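Engineer: Below is the structure I would like to discuss, written out as structure tokens.
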Amino acid sequence: MDHDARLFLLPDDHPRVGVALASAGALACAETPAVHGWLQAHGVSASSDQVRILLADAEALVPEGAESLPVPLSEEEALRIHRESVPRSVADLEAELSGFREMTEGAEALVHRALTAGIPAPRIAQLTGLSAREISGLIQA
């Protein structure tokens, strides 16, 4: 488990940020004594919509003063949390990018659509297996 995330309690008056733990699917960290104790100490259940999770790179979105707990995630769990936290159109594009290696045509158009949607080139490289040079070549073509 090498990806960190932050579990936190969303205040009632705060806009919804992060992913509700209950909608994140089964996470190994949610079954640990530390998380069970943290939930119990704050008098909430894991199914509460106030119990949210964010990847470490989005930690700045945790409301100031919110009760929080750092938790580890597997790579697959982190990918799931990421997909749940991005707008649906971006998540759909990322799913397409994940199938990039099996594409026989339309690769250039897909990379262009992803960049236009705001998916950064390093993320496109991560999902497709392309190098930065290859992405640049597709963009320039």
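Engineer: Compute the accessible area per residue over the range 6-77, keeping the other protein chains in place, probe 1.4 Å, unit Å².
Structural biologist: 53
Engineer: Considering the chain, what Rg and Dmax in Å follow from its alpha-carbon atoms?
Structural biologist: Answer for the chain, Rg first and Dmax second: 17.6, 57 Å.
Engineer: Additional query: How large is the helix-only mean residue ellipticity at 222 nm for the chain, computed as the sum of -39500 (n - 2.57) over DSSP H runs with n ≥ 4, divided by its residue count, in deg cm²/dmol to the nearest 500?
Structural biologist: Calculated from helices alone, the mean residue ellipticity at 222 nm is -12000 deg cm²/dmol.
Engineer: Also, quick follow-up: Could I get the Rg over Rh figure for the range 13-85? Both from C-alpha atoms, Rh via Kirkwood, rounded to two places.
Structural biologist: Rounded to two decimals, Rg/Rh equals 0.92.
Engineer: Using a 1.4 Å probe on the protein chains only, how many percent of the accessible area of the chain belongs to carbon and sulfur?
Structural biologist: C and S fraction of accessible area: 53 percent.
Engineer: Now for a different question. For the chain, what does the relative contact order come out to in percent, with C-alpha contacts under 8 Å and a separation of six or more?
Structural biologist: Worked out over the chain, it gives 28 percent.
Engineer: With θ taken as phi - 60° and the coefficients 6.51, -1.76 and 1.60, list the Karplus ³J(HN,Hα) couplings across the range 69-80 in order, rounded to whole Hz; mark glycine and proline as x.
Structural biologist: 8, x, 9, x, 10, 6, 4, 5, 5, 4, 4, 4
The values are calculated or read from the model by the stated rules, or taken from the named source; none is laboratory data. The model shown is predicted, which means the values in this text are computed figures rather than measured ones. For the accessible areas, the whole protein counts, side chains as well, though only heavy atoms, and no ligand, DNA or RNA atoms are used. Shrake-Rupley method; radii C 1.70, N 1.55, O 1.52, S 1.80 Å.
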